[in-house]
Amino acid sequence: MQRPRLRDNKGKRLFELYPLGQLPPDIIVEIGKYFTYQYLVGAKDLTGSVWGDVFAAGIGGKHLDSPLGLADVVHESMAWSTKTVKHAKPHRQSKVRIISGRCSPDYSYGITNPHEDIQHTGTAVLSIYNERINIAKDKYEPLRAVILIRNFDTFEFAIFEHDIYRYVTTEYEWRANKEGNLEGFNKATERHCFTWQPHGSQFTVLYDVPASVIRFELKQPPVLDFKKTLDQVGFDESWVTIL
């Protein structure tokens, strides 16, 4: 549908490659091509870095491939945090747990005993994550997470997007589980939203898979013939140098 013309629309609108959660079919086809290529060159699974490469190629963007920050793939003023998780049945998943980096209350706030005041520690963890969002949004907007649920053995995949937004820290209650990890719950709904691990400072966000999820599968390609492939690339014995 064409965007409506508004009388108060005087400012320049932010660039949007496509509406949230509505990846065009041609992008999904491009992603499928690169997944097939990965299989043909011998990949047994897809790493997070490869998923960033594939998504960037599919949208014509750039993969920054940096371990720091939330902006993994960029296209003009837009950015995506690319995440992937493996499941036996990608098409049936209703929730996923996504590792979203490390948040250290010790380094950032000097909290040396995270269990002394669990609520204070949980608030600090969310504040650290919010600051990462602030840094990314200073340069990129919209800022989204694009999440791939994969099974590279059965060639089944699901992709969905979420807007990345700052969390209101007062909306969450933090509790310690039996492993000593801290879990953040939405006070209004009692929904488990976050997990933070004191050992390693790993921060995990729990996502509901939205109705806009795109599910697809690929035909498994045939195994490349060994001799034909070497002939195709022009391999000869001079390629091998014994030192």
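Read-outs: derived from the displayed coordinates by stated rules, not from any lab. Given the structure is predicted, the values throughout are model-derived calculations rather than measurements. For neighbour counting, all protein chains shown are included, and Cβ atoms are generated from backbone atoms with ideal geometry for every residue, glycine included.
A simple packing score, the average count of other Cβ atoms within 10 Å per residue, orders the peptides 179-187, 73-81 as 73-81, 179-187, with the highest score first.
The angle between the Cα long axis of helix 48-59 and the main principal axis of the chain comes to about 80°, on a 0 to 90 degree scale.
Placing a label point 7 Å from the Cα of residue 130 along the Cα-to-Cβ direction, the residues of the stretch 171-191 with a backbone N closer than 14 Å are 171-173. Based on every Cα atom in the stretch 72-173, Rg and the maximum pairwise Cα distance Dmax equal 16.4, 47 Å. Under a 5 Å amide H cut-off, with hydrogens placed 1.01 Å from N, residue 193 pairs with 184, 185, 186 among residues at least 5 apart or on other chains. Treating r as the C-beta distance of residue 99 and residue 77 and R0 as 30 Å, the FRET efficiency rounds to 0.70. Cβ-Cβ distance of residue 66 and residue 206, R₀ of 25 Å, FRET efficiency by 1/(1 + (r/R0)^6): the value works out to about 0.50.
Here the relative contact order of the chain, from alpha carbon pairs under 8 Å that lie six or more residues apart, stands at 20 percent. In sequence order, the stretch 138-143 has phi-based couplings of 4, 10, 10, 6, x, 10 Hz under the Karplus curve 6.51 cos²θ - 1.76 cosθ + 1.60, θ = phi - 60°, and Gly or Pro positions carry x. Taken along the Cα-to-beta-carbon direction at a fixed 7 Å, the label points for residue 138 and residue 37 span 3.5 nm.
Direction-averaged projected area, Cα convex hull, the chain: 19.9 nm², rounded to one decimal. Compute the helix-to-body angle for 25-40: its Cα long axis versus the longest principal axis of the chain, expressed 0 to 90° and rounded to tens. With rounding to tens, the tilt is 60 degrees. With a cut-off of 11 Å on the backbone N, the residues of the stretch 60-100 near the modelled label site 7 Å out from residue 177 along Cα-Cβ are 97.
Determine, for 201, 66, the number of other Cβ atoms within 10 Å of each Cβ, and report the residues in order from fewest to most.
Working: 201 18, 66 9.
Fewest to most other Cβ atoms nearby, the residues stand as 66, 201.
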